[in-house]
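A.B. asks: One structure is given below, represented as structure tokens, and several questions about it will come after.
The values are calculated or read from the model by the stated rules, or taken from the named source; none is laboratory data. Model, not experiment: these values are computed from the prediction. Using ideal geometry, Cβ is built from the backbone for each residue, glycine included, and neighbour counts are taken over all protein chains shown.
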Amino acid sequence: MTELRESPAPSAVAPIVGIDTHAHIFERGLPLVSGRRYTLDYDATEADYLAHLDAAGLSHGVLVQPSFLGTDNGYMIAALRRHPGKLHGIAAVDPEIGDAALDEMDAAGVVGIRLNLIGLPIPDCRAEPWAGLFRRLAERDWVVEIHRGAADVSQVAMPLLEYGVRVVVDHYGRPNPVLGADDAGFRAMLDLARTGRVWVKLSAPYRAEADAETEARMSDLLRAAFGPSRLLWGSDWPHTQFEARASYDAEFAALARRVPDAAERRRVLVDTPARLYRFA
């Protein structure tokens with residue numbers, strides 16, 4: 001595992017005025033997993049990310065472990081320890097991870113795991129060792145985030161809900177680029193709102209090749225189904241593989257278009273993520 005650096009003394013944490021629930025940090029030279037979909041050729045540092053938060057007038061952020069770093073969460077955890085209460089994290093773990101390691105990550109500010117299943121087989125979430133992992137995550141009040149195409153989101157989510165964990169769906173559920181809001185998988189995902197234990201991130205519509213009209217339709221349908229108490233916003237910074245098409249400023253500005261009502265937008269940006277990711 002990457003060596004964790006010494007953390008400075010904690011500083012006072014600012015009041016919550018906005019939470020970015022999806023960003024990644026990394027540097028060249030970190031060990032990368034084989035078979036990765038992406039190889040970084042630039043740095044996206046903690047300092048860079050904090051500068052984006054400040055420029056947008058946001059106070060807190062959730063760092064998500066990048067897929068190309070695998071289950072070595074050390075670089076992210078070091079950043080969480082340097083900014084306790086300001087940054088929380090979503091880790092990638094082996095299903096056989098021990099309780100001591102989970103507890104150590106929890107103490108550092110990790111509040112959930114991500115199942116990044118793009119291009120991978122869907123695990124049998126009702127069988128060991130996954131079943132044991134999800135039971136332990138439920139005991140710790142962690143969330144499980146799903147990154148998968150919309151056609152399979154419900155298939156992955158339903159077993160997780162049986163364990164009592166809260167489920168977050170990344171990036172609009174990534175509907176089929178051709179079908180967009182008419183994707184049957186996306187429509188099935190809307191039905192998950194009835195459980196009251198599923199949240200969806202209004203983030204990175206470009207990962208589904210969504211144009212402005214499709215993005216608007218998806219946002220409207222999600223707002224109608226889930227409401228502001230089950231929706232989140234994430235920048236997806238630094239927009240890996242889409243750096244030329246997206247920017248932090250543009251993604252933050254798009255939130256006003258995706259959620260036009262100011263009161264609802266505050267719930268998406270502040271109230272909902274503060275509770276879900278244990279900032280408050």
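A.B. asks: Can you tell me how many residues within region 200-225 are crowded, with 22+ Cβ neighbours inside 10 Å and touching a Leu at 6+ places or on another chain (Cβ under 8 Å)?
C.D. replies: 6
A.B. asks: Would you tally the residues in region 21-48 being under 22 Å from V144 (Cα atoms), among the charged types (D, E, K, R) and either in contact (Cβ under 8 Å) with a residue 40 or more places away in the chain or assigned to a helix (DSSP H, G or I) (or both)?
C.D. replies: 1
A.B. asks: Looking at R278, is it among the charged types (D, E, K, R), over 19 Å from the mean Cα position of the chain (by Cα) and outside any helix (DSSP H, G or I)? Full working, then the answer.
C.D. replies: Working: among the charged types (D, E, K, R): yes; over 19 Å from the mean Cα position of the chain (by Cα): no; outside any helix (DSSP H, G or I): yes.
It is false that R278 is among the charged types (D, E, K, R), over 19 Å from the mean Cα position of the chain (by Cα) and outside any helix (DSSP H, G or I).
A.B. asks: Report, by residue number, each residue of region 133-158 that is part of a loop (DSSP other than H, G, I, E, B) and either over 24 Å from E215 (Cβ atoms) or among the hydrophobic types (A, V, I, L, M, F, W, C) (or both). Break it down into steps so the answer makes sense when it comes.
C.D. replies: The initial filter retains those residues of region 133-158 that are part of a loop (DSSP other than H, G, I, E, B), namely 140-142, 148-149.
The answer is R140, D141, W142.
A.B. asks: Among the residues of region 200-232, which ones are touching a Ser or Thr at 6+ places or on another chain (Cβ under 9 Å) and modelled with pLDDT of 95 or more?
C.D. replies: Kept after step one, since they are touching a Ser or Thr at 6+ places or on another chain (Cβ under 9 Å), are these residues of region 200-232: 201-205, 208, 228-232.
Within region 200-232, K201, L202, S203, A204, P205, P228, S229, R230, L231, L232 meet the criteria.
A.B. asks: Check whether at least one residue in region 57-71 is within 27 Å of L231 (Cβ to Cβ), at pLDDT 95 or above, touching a Lys or Arg at 6+ places or on another chain (Cβ under 8 Å) and among the small types (G, A, S), and report yes or no.
C.D. replies: yes
A.B. asks: Do you know which residues across region 81-115 are more than 15 Å from the chain's Cα centre (by Cα) and either buried (at least 20 other Cβ atoms within 10 Å of the Cβ) or among the acidic types (D, E) (or both)?
C.D. replies: Pass one, region 81-115, residues more than 15 Å from the chain's Cα centre (by Cα): 81-86, 94-108.
Selection gives H83, K86, D94, E96, D99, L102, D103, E104, M105, D106, A108.
A.B. asks: Take the residues in region 17-34 that are among the aliphatic types (A, V, I, L, M) and under 24 Å from S247 (Cβ atoms), then tell me which one is surrounded by the fewest Cβ atoms within 10 Å (Cβ to Cβ). Walk me through how you get there before you give the answer.
C.D. replies: Initial filter on region 17-34 (among the aliphatic types (A, V, I, L, M)): 17, 19, 23, 25, 30, 32-33.
With under 24 Å from S247 (Cβ atoms) added as a condition, the list becomes 17, 19, 23, 25, 30.
Numbers: V17: 12, I19: 26, A23: 23, I25: 26, L30: 15.
So, considering only residues that are among the aliphatic types (A, V, I, L, M) and under 24 Å from S247 (Cβ atoms), the one surrounded by the fewest Cβ atoms within 10 Å (Cβ to Cβ) is V17.
A.B. asks: Another question about this same structure. Pull out all pairs, ordered by first then second residue, where Cβ-Cβ is under 6 Å, the residues are six or more apart or on different chains, the first lies in region 121-133 and is surrounded by 11 or more Cβ atoms within 10 Å (Cβ to Cβ), and the second is in a loop (DSSP other than H, G, I, E, B) and of a type in the set (D, E).
C.D. replies: Sorted first by the residue in region 121-133, then by its partner, the pairs are P129/E96.
A.B. asks: Another question about this same structure. Please go through region 134-146 and pick out each residue that is farther than 14 Å from V110 by Cβ and either hydrophobic (A, V, I, L, M, F, W, C) or crowded, with 23+ Cβ neighbours inside 10 Å (or both). Spell out how you get there, then give the answer.
C.D. replies: Going through region 134-146, the residues farther than 14 Å from V110 by Cβ turn out to be 134-135, 138-139, 146.
Result: F134, A138, I146.
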